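Report on the following structure.
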Amino acid sequence: MHEEQLRAVIAGFIHQLHETGGNSISHVTVTVHGELQHFSPDREINAIPVTRIKGVSSLSYQEMPIEAPLANRVTIITTG
């Protein structure tokens, strides 16, 4: 699944939440544990060292802006 496909799925989810919950939901936070291919080369990729997960030395993450009727924060995370 490429970024545009992932973006469409998440946007659809947020739109459905808004339709169902109306004003009772004010913010949505989504964390996607994905792969490097989900990152956009056009946005900043952040990385932090990881010492407590066996076989993992870093965790990389990137924010994915989504236009939706609810305030949202979508973060893609991958380990490497």
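The values are calculated or read from the model by the stated rules, or taken from the named source; none is laboratory data. This one's a predicted model, so the numbers in the text were calculated from it and none came from an experiment. Note: ideal-geometry Cβ built from the backbone for every residue, glycine included; neighbour counts use all protein chains shown. Keep in mind that these areas ignore ligands, DNA and RNA; they rest on the heavy atoms of the full protein, side chains included. Shrake-Rupley method; radii C 1.70, N 1.55, O 1.52, S 1.80 Å.
Among the residues of the range 25-45, those identified as in a strand (DSSP E or B) and within 19 Å of residue 78 (Cα to Cα) are 29, 30, 31, 32, 33. Scanning the range 1-19 for residues that are in a loop (DSSP other than H, G, I, E, B) and either in contact with a Lys or Arg (Cβ under 7 Å, 6 or more places away or on another chain) or not aliphatic (A, V, I, L, M) (or both) gives a single hit, 2. Among the residues making up the range 46-80, a single one is among the β-branched types (Val, Ile, Thr), in contact with a Lys or Arg (Cβ under 9 Å, 6 or more places away or on another chain) and in a loop (DSSP other than H, G, I, E, B): 66. Mind checking whether some residue in the range 63-80 is loosely packed, with under 12 Cβ neighbours inside 10 Å, touching a Leu at 6+ places or on another chain (Cβ under 8 Å) and not aliphatic (A, V, I, L, M)? Taking every residue of the range 63-80 in turn, at least one turns out to be loosely packed, with under 12 Cβ neighbours inside 10 Å, touching a Leu at 6+ places or on another chain (Cβ under 8 Å) and not aliphatic (A, V, I, L, M).
Out of curiosity, is residue 60 touching a residue at least 12 places away in the same chain (Cβ under 8 Å), under 23 Å from residue 9 (Cβ atoms) and touching a Ser or Thr at 6+ places or on another chain (Cβ under 6 Å)? For residue 60, the condition - touching a residue at least 12 places away in the same chain (Cβ under 8 Å), under 23 Å from residue 9 (Cβ atoms) and touching a Ser or Thr at 6+ places or on another chain (Cβ under 6 Å) - is met. Every test in (1) open to solvent by 30 Å² or more (accessible area, probe 1.4 Å); (2) among the small types (Gly, Ala, Ser); (3) not in a loop (DSSP other than H, G, I, E, B) is passed by residue 22 save one, and that test is (1). Within the range 25-39, the set of residues being aliphatic (A, V, I, L, M) and open to solvent by 60 Å² or more (accessible area, probe 1.4 Å) comprises just one member, 36. Any residue in the range 40-55 that is modelled with pLDDT of 95 or more, surrounded by fewer than 16 Cβ atoms within 10 Å (Cβ to Cβ), touching a strand residue (DSSP E or B) at 6+ places or on another chain (Cβ under 6 Å) and of a type in the set (D, E, K, R)? There is no residue in the range 40-55 that is modelled with pLDDT of 95 or more, surrounded by fewer than 16 Cβ atoms within 10 Å (Cβ to Cβ), touching a strand residue (DSSP E or B) at 6+ places or on another chain (Cβ under 6 Å) and of a type in the set (D, E, K, R).
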